[in-house]
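Read the figures in this text as sums done on the coordinates, not as results from a lab. Everything numeric in this text was worked out from a predicted model, so none of it was measured. Positions of Cβ are generated from backbone atoms using ideal geometry, with glycine treated the same way; all protein chains shown enter the neighbour counts.
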Amino acid sequence: MPQLIVRKIEELVVQKLQKMAGEGGISVEEAHRRVLRKALLGEMNAPTIFKDYLQTLPATEKELFKRKRRRS
């Protein structure tokens, strides 16, 4: 896979990228990839990260398998 090196980035940009990475529990490099992907391809084309998918699931088994009762 190709590599991209970006030089001469404003300190504020680097700080915001580091903050985004820390809040997301990801590396700065991954945060950079996501920003570029979103900016160039849009939200719909971003690949689903398995960790992100897992975080969308209910927290407990009870919630996961909860059935809605039908009214008769």
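Structural remarks
- In this rough spin-label picture, where each label sits 7 Å from Cα along the Cβ direction, the GLU43-GLN55 distance is 1.5 nm.
- Our coupling estimate for the stretch 28-38, obtained by passing each phi through the Karplus curve with A = 6.51, B = -1.76, C = 1.60 and θ = phi - 60°, is 4, 4, 5, 4, 4, 4, 5, 5, 5, 4, 5 Hz, Gly and Pro reported as x.
- A simple spin-label model places pseudo-atoms 7 Å from Cα toward Cβ; at ARG71 and GLU29 they are separated by 5.6 nm.
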